[in-house]
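Engineer: Sending over a structure as structure tokens; questions will come in a sec.
Any read-out appearing in this document is the output of simple, stated calculations on the displayed coordinates, not a laboratory observation. Note that this is a predicted model, so its numbers are computed, not measured. With ideal geometry, Cβ positions are generated from the backbone for all residues, glycine too; neighbour counts draw on all protein chains shown.
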Amino acid sequence: MKKEELIESQINKLEEKYKNSGQDLSSYLDGLLYQRYLTYWDYIHLDTLLSIQVPKTHFPDEEIFIMYHQITELYFKLILHEQKQLVEDKSQDLQFFTDKVYRINSYYRALTSSFSIMIKGMNREQFLRYRMALLPASGFQSAQYRMIELYSTSMQNLVHYTERADFSEEHSIEELYEHIYWKKGATDVKTGEKTLTLKQFEFKYTSRLLRTANRLKGNTIYDKYLSLPKASKDNKELITVLKDLDVNANVNWPLMHMGSAYRYLGKDKAPVDATGGTNWKNYLPPSFQKIIFFPNLHSEEELETWGKQWVDHIFNPNNKA
């Protein structure tokens, strides 16, 4: 096809497109005449992106701390982007399901490997000083991280494991939410009362999280898996990537986070409190929480020893942080 014929064909297709939506093609063509050429920096809002790192102190490494957490939140958004497509899909297509989980795993692997920036890439003395200017803010307050959990599995599986047996799917989302595992990690280590960090988080996000959890009830990624035809549920590749996702989300990622906390907060005679007053040594270890998105995919031994080998490694005094 000659170039002139190709252009004519494209214009005809555009005319049909805009006609079907009740729009006038000529008006849009006029807009193209006046529209500026797109640039990379405008498309990704580069100037804005590079202007939102605003340190609270003069310590240089605080800017690293800010940027790392901003990057982490962008990865969380990528994970949620894939999760939303999964729960909204009605096709029960095995390849679609598997491909989305592969993507989520790739984001988690990037997150886990990137934690070396936090573990080795900041000066500890600087961190212990500028962190005091961040009170009571804490990474605990990441609403996207909580949303990822809600999209992944039923609320019952997010209840603290010491109370999980007392609840079932018959309980309301609101009842289950009151016993969700992470609330125990945001209690004052001395008084046992809710920290200001948790109070702030609940005030801002509780309504949103409850709306989301109610909307997802019976339609989480775990529910979507359980509703697949038997042949798809038994697919070895899908089972493998889902089990990998469980380990990535609930073992590898929190334990890399814990390694960072131990590097900066746990090397003195007594562990230093986290900025939000959270009890990080009890909150972060997977073997203490046993949060498992897809419990029926793991063996009894895997469930019983969930994350234990990593905890033993991190707290082994012979290991250098």
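Engineer: In whole angstrom, note down how far apart the Cα centers of the range 81-129 and the range 177-247 are.
Structural biologist: Each part reduced to its Cα centre gives a spacing of 15 Å.
Engineer: Once you compute Rg and the Kirkwood Rh from C-alpha atoms, what is the Rg to Rh ratio for the range 112-264?
Structural biologist: We get a ratio of 1.01 for the range 112-264.
Engineer: Round to the nearest 0.05 the FRET efficiency obtained for F96 and K120 when R0 = 35 Å and r is the Cβ-Cβ distance.
Structural biologist: That pair, F96 with K120, gives E of 0.35.
Engineer: Let a ≥ b ≥ c be the square roots of the eigenvalues of the Cα gyration tensor of the range 16-88; is it rounded (a/c under 1.5), or, if not, prolate (a/b larger than b/c) or oblate?
Structural biologist: Oblate is the answer for the range 16-88, as a/c is 1.5 or above yet b/c matches or exceeds a/b.
Engineer: Which lysines does K184 reach when only Cα atoms under 21 Å apart count, and residues fewer than 8 places away in its own chain are ignored?
Structural biologist: K194, K199, K204, K281, K290, K308
Engineer: Between A110 and K233, what FRET efficiency follows from the Cβ-Cβ distance if R0 is 30 Å, with the result rounded to 0.05?
Structural biologist: 0.60
Engineer: Which cross-chain or sequence-distant (5 or more) residues have an amide H under 5 Å from the amide H of K194, H modelled 1.01 Å from N in plane?
Structural biologist: Amide H neighbours of K194: D188.
Engineer: Would you please give the FRET efficiency between E300 and K243, computed as 1/(1 + (r/R0)^6) with r the Cβ-Cβ distance and R0 = 22 Å, to the nearest 0.05?
Structural biologist: Calculated transfer efficiency: 0.95.
Engineer: Pull up the cross-link candidates among the lysines for K100, meaning alpha carbon to alpha carbon under 16 Å and not fewer than 8 places away within one chain.
Structural biologist: Candidates past the 8-residue exclusion: K77, K84, K90, K224, K233, K236, K243.
Engineer: Can you tell me, using C-alpha contacts under 8 Å and at least 6 residues apart, the relative contact order of the chain as a whole percent? Numbers along the way, then the final one.
Structural biologist: On the way: 303 pairs, mean separation 65.7, N = 321.
Relative contact order for the chain comes out at 20 percent.
Engineer: Separate question: Can you spot the lysines whose alpha carbon is less than 25 Å from K2's alpha carbon? Ignore those fewer than 8 places along the same chain.
Structural biologist: K13, K17
Engineer: How many percent of all Cα-Cα pairs in the chain sit more than 39 Å apart? It would help to have the intermediate numbers written out before the result.
Structural biologist: On the way: 13522 of 51360 pairs.
That fraction is 26 percent.
Engineer: Here is a further query. Take S9 and A165, extend 7 Å from each Cα along the Cα→Cβ direction, and tell me the distance between the two endpoints in nm.
Structural biologist: 6.9 nm
Engineer: For a test of the definition: using alpha carbon positions, the gyration tensor, and the 1.5 limit on a/c, classify the range 91-161 as rounded, prolate or oblate.
Structural biologist: In terms of gyration-tensor shape, oblate.
Engineer: Let me ask something else about it. Using DSSP to define loop residues, name the trypsin sites (Lys or Arg not before Pro) in the range 59-163 whose beta-carbon has at most 15 other beta-carbon atoms within 10 Å.
Structural biologist: K90
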